[in-house]
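Engineer: Please find one structure pasted underneath; my questions will follow.
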Amino acid sequence: MELKREVQTAEILDPRRDFQPTPTSVEVRWDPLIGYSSRIVAGASFLPPSDFDLEAFGRQTAENCFFCAPRLEAVTPKFPAGLISEGRIHRGEAVLFPNIQAYSLYSSVSVYSPNLHYMPLKSVAASIVADNLGAQVDFLARAARYDSTARWASINANHMLPSGSSLFHPHLQGSLDRHPTIVQELLARVPADRFRDYLNTEKLLGQRYLGRLGSVDWLTSFAPFGFNELRAFVPSVASPVQLSQAHVQDLAEGITRALRFYGELGFECFNLAIYGAPPETDGYMLSLRLVCRSNLQHLYRSDVAYFERLHWQAMVDSTPEELAQKAGDRFRG
Ligand SMILES: [Zn+2]
């Protein structure tokens, strides 16, 4: 498979070099699965680190948090008994309940724990990620059995306010709907051999492939949607509703390592999506994307500009190869 990219170079008279003619470059890359393009402005620094005191802000927001014990039991909704007989799903410390403002036909929120209001990414524990992910898989599988017309499942996260979360308390969101999102629809159209070809090409090239944890392959995106983007594939699985307990453990291990990596890079805000296709989609590989978002800080710069919001094209400041080098052997064995 050819991974399509082009570096375009023009010239400016640079005031930093006494107005000498100086080349300026920008790289455009095309995603080999769904064809969208990204811009890489190597050497720029669009997402500065932050000295914002997240722990203090956590203490402040915990006082009235709906997702903290003991308020969660009193103020979060329950599912009707026909869908989830016990109303809310408990797994380990994780608690899953309906989104009070539905984002999709079957829309869930799950906290890692009612006692975990502040979760610094450097110290995320794999067991709490696995329990929370497991609760979402259980919910989506039961909702899919309850309503066979809803076949598009996804598991997602907005983590911290700049990522789109309205609440500080860490949580995941599940979605089962009759209609795909645009990215779900595009991914579901990818022929089976193209998924395999992409993954094999990346393994062979070795510049972005990070390793395999159990049943899950991890890599940096050739053409990212966002900053420090990591991508994972679960071959032979089309929908989150088909994930076994072993798959959940493997995925949770990788997500945990990814979040700790983000913490070490100086980021605390992220978005996650696990894009499901209908379970019978032939040759589909369950696909995950994880991106860093702007840190919380006063007068911050959004990581989403006119390129992302209006042109549907990411513009990022470092290369996927640099990210893979920084990740090192984190995703190996
Ligand atoms: Zn809370």
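The values are calculated or read from the model by the stated rules, or taken from the named source; none is laboratory data. Small disclaimer: the values here were computed from a predicted structure and weren't measured. Cβ: placed from backbone, ideal geometry, glycine included. Neighbour counts: every protein chain shown.
Engineer: Do you know which of the residues in segment 45-72 that are away from the ligand (no atom under 13 Å from the Cβ) and without any contact (Cβ under 8 Å) to a residue 12 or more places away in the chain is nearest to residue 304 (Cα to Cα)?
Structural biologist: 53
Engineer: Can you find, within segment 161-185, the residue that is surrounded by the fewest Cβ atoms within 10 Å (Cβ to Cβ) among those that are part of a helix (DSSP H, G or I) and within 17 Å of the chain's Cα centre (by Cα)?
Structural biologist: Selected residue: 182.
Engineer: Would you mind telling me which numbered condition in (1) buried (at least 24 other Cβ atoms within 10 Å of the Cβ); (2) within 16 Å of the ligand (Cβ to nearest atom) residue 158 fails?
Structural biologist: All conditions pass for residue 158, except number (1).
Engineer: Which members of segment 120-157 meet the condition of being touching a Phe, Trp or Tyr at 6+ places or on another chain (Cβ under 8 Å) and part of a strand (DSSP E or B)?
Structural biologist: 154, 157 - these are the residues of segment 120-157 that are touching a Phe, Trp or Tyr at 6+ places or on another chain (Cβ under 8 Å) and part of a strand (DSSP E or B).
Engineer: I'd like the full set of residues that are of a type in the set (Gly, Ala, Ser) and surrounded by fewer than 17 Cβ atoms within 10 Å (Cβ to Cβ), limited to segment 287-331.
Structural biologist: Residues satisfying the conditions are 302, 305, 328.
Engineer: Out of all the residues in segment 142-152, is one or more among the polar types (S, T, N, Q) and within 16 Å of the ligand (Cβ to nearest atom)?
Structural biologist: no
Engineer: Filter segment 100-122 for residues that are more than 18 Å from the chain's Cα centre (by Cα), more than 16 Å from the ligand (Cβ to nearest atom) and surrounded by fewer than 19 Cβ atoms within 10 Å (Cβ to Cβ) and give the result.
Structural biologist: 101, 102, 105
Engineer: Give me the pairs: first residue in segment 94-108 and in the same structural domain as residue 138 (by TED's automatic domain parsing), second residue assigned to a loop (DSSP other than H, G, I, E, B) and among the acidic types (Asp, Glu), beta-carbon distance under 8 Å, and six or more apart or on different chains, which are they?
Structural biologist: 105/147; 106/147
Engineer: Same structure, new question: Determine if segment 8-18 includes at least one residue that is over 18 Å from residue 316 (Cβ atoms), within 16 Å of the ligand (Cβ to nearest atom) and of a type in the set (Ser, Thr, Tyr).
Structural biologist: no
Engineer: Can you spot a residue in segment 218-230 that is farther than 24 Å from residue 303 by Cα and at pLDDT 95 or above?
Structural biologist: No, segment 218-230 contains no residue that is farther than 24 Å from residue 303 by Cα and at pLDDT 95 or above.
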